[in-house]
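Taking it in order: structure first as structure tokens, then the write-up.
The values are calculated or read from the model by the stated rules, or taken from the named source; none is laboratory data. If you're wondering where the values come from, they're calculated on a predicted model, not measured in any experiment. Because the Cβ atoms are built from the backbone with ideal geometry, glycine has one as well, and the counts that use them run over all protein chains shown.
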């Protein structure tokens, strides 16, 4: 595996790949890799001749400095995982490399962010699309892979690629879960034992919402209420949000032509957990979990 730390090196590599007409799959990460990331890599390897993973903890997408400072990191461990998984290239730039000075142009996301994580994390998705625009231009991949666990991010990236005419295929990859159903996340290591034990109920609450859709004549308000009642009965964490929206539009106008997302975010002492399921209008899961 070749490790690339500068934009200049990355441009040279991309030119070499283009001359060889080799397709490049890209998995953007912030490191501290887990099986969810490895699923993205596996998918990229199955569809591309070469695979590149980036590790960059992007300061622009953190609302609180403490969250940024506490984000877990173990680069040596990550490098070993990437080598084991047969990744061809690791792009590992520094903050100074990505942001050598104040930005003269700021990006503003005007749709798909006025709900879910966008409400409690103002500026977060502006930071996401800024760094992705830079990474897409620097790496110029053919395909990019994101986990459906962060479905709002998938929806925003879908809009970014569409609105700015990036010649990139977006592949949403199903959420990878622990044996008890908890969605895998780099932040799970920050859960205390009791928190970790009850965190399994987050996914169970989503499945409860799915069952309600399948067995009732429902409204989004009904689904939100039922999921909230289930969570309140089973967890001690603070609920940030529960919502039921169209996908990928992420608005409350849900017709029979829309897919549906039920999404939840819960605060614990040192971790904020998010999860979701995406369904068709009959309540069948569209993006499965593994």
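Quick notes on this structure:
- All of (1) closer than 15 Å to residue 145 by Cβ; (2) part of a helix (DSSP H, G or I); (3) in contact with a helix residue (DSSP H, G or I) (Cβ under 7 Å, 6 or more places away or on another chain) hold for residue 53 with one exception: (2).
- Candidate set: the range 165-178, residues that are part of a loop (DSSP other than H, G, I, E, B) and farther than 18 Å from residue 128 by Cα; chosen: the one modelled with the highest pLDDT: 167
- Residue within the range 89-101 that is under 21 Å from residue 170 (Cβ atoms) and either touching a helix residue (DSSP H, G or I) at 6+ places or on another chain (Cβ under 9 Å) or not assigned by TED's automatic domain parsing to the domain that holds residue 253 (or both) present: yes
- The number of residues in the range 243-265 being in a loop (DSSP other than H, G, I, E, B) and within 18 Å of the chain's Cα centre (by Cα) comes to 3.
- Only residues that are outside any helix (DSSP H, G or I) and in contact (Cβ under 8 Å) with a residue 60 or more places away in the chain were counted across the range 122-136, and they come to 1.
- So residue 67, is it more than 16 Å from the chain's Cα centre (by Cα) and in a helix (DSSP H, G or I): yes
- Inside the range 236-263, residues that are closer than 20 Å to residue 191 by Cα and surrounded by fewer than 19 Cβ atoms within 10 Å (Cβ to Cβ) make up a count of 5.
- Qualifying residue in the range 151-164 (condition: free of Cβ contacts under 8 Å to residues at least 40 places away in the same chain, assigned by TED's automatic domain parsing to the domain that holds residue 54 and part of a loop (DSSP other than H, G, I, E, B)): yes
- Hits in the range 253-279 (condition: over 15 Å from residue 149 (Cβ atoms) and out of contact with any strand residue (DSSP E or B) (no Cβ under 6 Å at 6 or more places or on another chain)): 253, 255, 256, 257, 268, 269, 270
- Qualifying residue in the range 92-105 (condition: surrounded by fewer than 18 Cβ atoms within 10 Å (Cβ to Cβ), at positive phi and modelled with pLDDT of 95 or more): no
- When the range 237-260 is filtered for residues that are touching a residue at least 40 places away in the same chain (Cβ under 8 Å) and within 30 Å of residue 66 (Cα to Cα), the ones remaining, listed by number, are 237, 240, 241, 243, 250.
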